[in-house]
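Beneath this line is the structure, given in structure tokens, with notes to follow.
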């Protein structure tokens, strides 16, 4: 027989269990409508699955850590600090913050929560919440949320499974999946830094609000049409009496934040259809499963009770579900300690969790449901397990939370991965350089970028859409076209990035058929938004928007390439001087100097070295040609000496003593090669010279420190990163180490004209 203390506890528990609804109220005064609305405002604030200001933020933060988002942000979008990157950059609001902020804001205004329910056993146009009290429906109708939607539809717009299902536009849903996609594309393709930051913040907020809907799918009340479970007495939380009401399960999770902290997903779902994260339409009411192949609403609906949907308790028709079932085949009665008490209580335990353990303070039994304290004692036997009245106490809440929260985290992480799954590979074009311009132009700016692009999204193909290229860089504040202020200093850059955006490129059917298996070359037009030559910290992005896999029209894939900063090359016609070597008997070497043809002709000792037959006539057949003359140059670029270049990219008939300046963009510091082919009226067959050059690096390291900039080379008072040219000499020098013949150039006389000569650029 129970003692007096046990009787007192029993009475208390009965009161808790019986106090599970809102008493009807009669409105007798003229302020009745106001009172009802005030009650609804205060009460409905508790209708959000899990706590919006705490639990949802924790789940979202945990999901971010389990997702691949951090790596994607760094490798594909150029956020050096990943999820800890600040947006806007002058605030402390990180990407993680905006995702968490969205997961909180999804419940504001509070009637948005009317759209956070999804019963996976009903058609999606009827799977929304249908058991709310009339006064809540009235209030939400007044505030613009009269039409209710399933959580799946509210988040994605689909009334049936993607991608072929019916899709609608919801007028008051500006924070759903499609909105996130729109904000994302606007962020990626805007040329204004402030605008990009605004849209990135909106992207992550909207995505956080969609994650909220996934997290709600891990609360059984939200998948079993059980709004009324939010009308339970949960305790005196504040002076506001209507804060007494809410979901006891959600309140338990809120008050035990360590449950989220310890939630470890068994794995992350990987779906190719957006809506599958909620509902795959596999569960039809008689085939429960805990497989990750199910949507999260199917999992929680089939495997867990909510307060009003326990079949043993004679639920209303709106709250009847076939599973989970309680019978002596799959369940047993076990005894354990009541929550926070040394008193014993009996529980329904699932057979697949093992036999009933000994009663210990650790509460080791499987707490699937608690046997009601109102249950008749003589009925509490395993053979009657399907008809014993049950309820959900905090031991049960603890069990549910430990099984559902890892799913909430895992499915949220999986959805993050799905949103940011699209990847593109960017490689150099056949011409090797991404762009080339004539340095004599004013202003010096790139209007075309060539690049090869390939879809590298795992197991999903690009089907149709557009490509757009974006250049990200920092403008120089002291740039001069002649590089007189180079190399740049860290302080000679603008503090914020600038962006140039190309015109859109609509993919052809041929390009679509190739881009999924091999790199396809594109020429991106930047004429309306050119890239200046005076820049540092250059990155190239290519963005795809369209159909990717099963996501139609709005999917986005992105790729990033760290392009080396503009590299200045000068090519010279050096025939305004002749390199003449005089033999030194002491050293047994030739001592070279540069001379004009007139100097040679008018100096007998020099003239004898080139007028081989001593007849006073110079430049005869068999003799060195010492006069200045025009040379035809053709310049090409390649990645190796074994590669036959595509080109030429630049051509010029260059007068003696003049140079051309080419400014090129490459993606590698090393293993860059240039071919200088040349011909003239003397050597009509022509020849070429291959040599290597380094790509220019003027940017920050990944850790934010300024790299040592690429040095400048000065030749004939002209500054560049690389130079070469054509010179004539007598005799020709042979280097036994490199096995290269060359003409020494001992002095560097100032050219008569220091301005670059205009070249023809072939970069269509």
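Each reported figure results from applying straightforward, stated rules to the coordinates on display, with no laboratory input. Keep in mind the model is a prediction, meaning the values are calculated, not measured. Cβ placement follows ideal geometry from the backbone for every residue including glycine, while neighbour counts extend to all protein chains displayed.
Couple of notes before you dig in:
- Relative exposure of 175, 124, 278, judged by other C-beta atoms within 10 Å (fewest first): 175, 124, 278
- Relative contact order [Cα under 8 Å, 6+ residues apart], the range 259-344, whole percent: 20 percent
- Each of the peptides 322-332, 390-400, 147-157, 216-226 was scored by the mean count of other Cβ atoms within 10 Å over its residues; in descending order, highest first, they stand as 216-226, 147-157, 390-400, 322-332.
- Once the chain from residue 504 to residue 256 is taken as fully extended at 0.36 nm per residue, the excess over their C-alpha distance is 84.2 nm.
- Ordered by the number of other Cβ atoms lying within 10 Å of each residue's own Cβ, fewest first, 631, 732 fall into the sequence 732, 631.
- Exposure proxy for 676, 454: other Cβ atoms within 10 Å of each Cβ, ordered fewest to most, give 454, 676.
- Folded to 0 to 90 degrees: helix 394-419 orientation relative to the chain principal axis, Cα: 30 degrees
- With a simple spin-label model that places each label point 7 Å from the Cα along the Cα-to-Cβ direction, the separation between residue 591 and residue 341 comes to 11.1 nm.
- On Cα atoms only, tilt of 193-216 relative to the major axis of the chain in degrees: 30 degrees
- Rough spin-label spacing in nm, given labels placed 7 Å along Cα→Cβ, for residue 605 and residue 733: 2.0 nm
- Relative contact order (%) - criterion: Cα under 8 Å, at least six apart; region: the chain: 11 percent
- Angle in degrees between helix 55-66 and the longest Cα principal axis of the chain, rounded to the nearest 10: 40 degrees
- Matching label, Rg and Dmax of the Cα atoms in Å computed from the structure shown, candidates (i) 36.2, 109; (ii) 27.0, 91; (iii) 37.8, 140: (iii)
- For the chain, calculated [θ]222 nm from helices alone, where every DSSP H run of n ≥ 4 adds -39500 (n - 2.57): -7000 deg cm²/dmol
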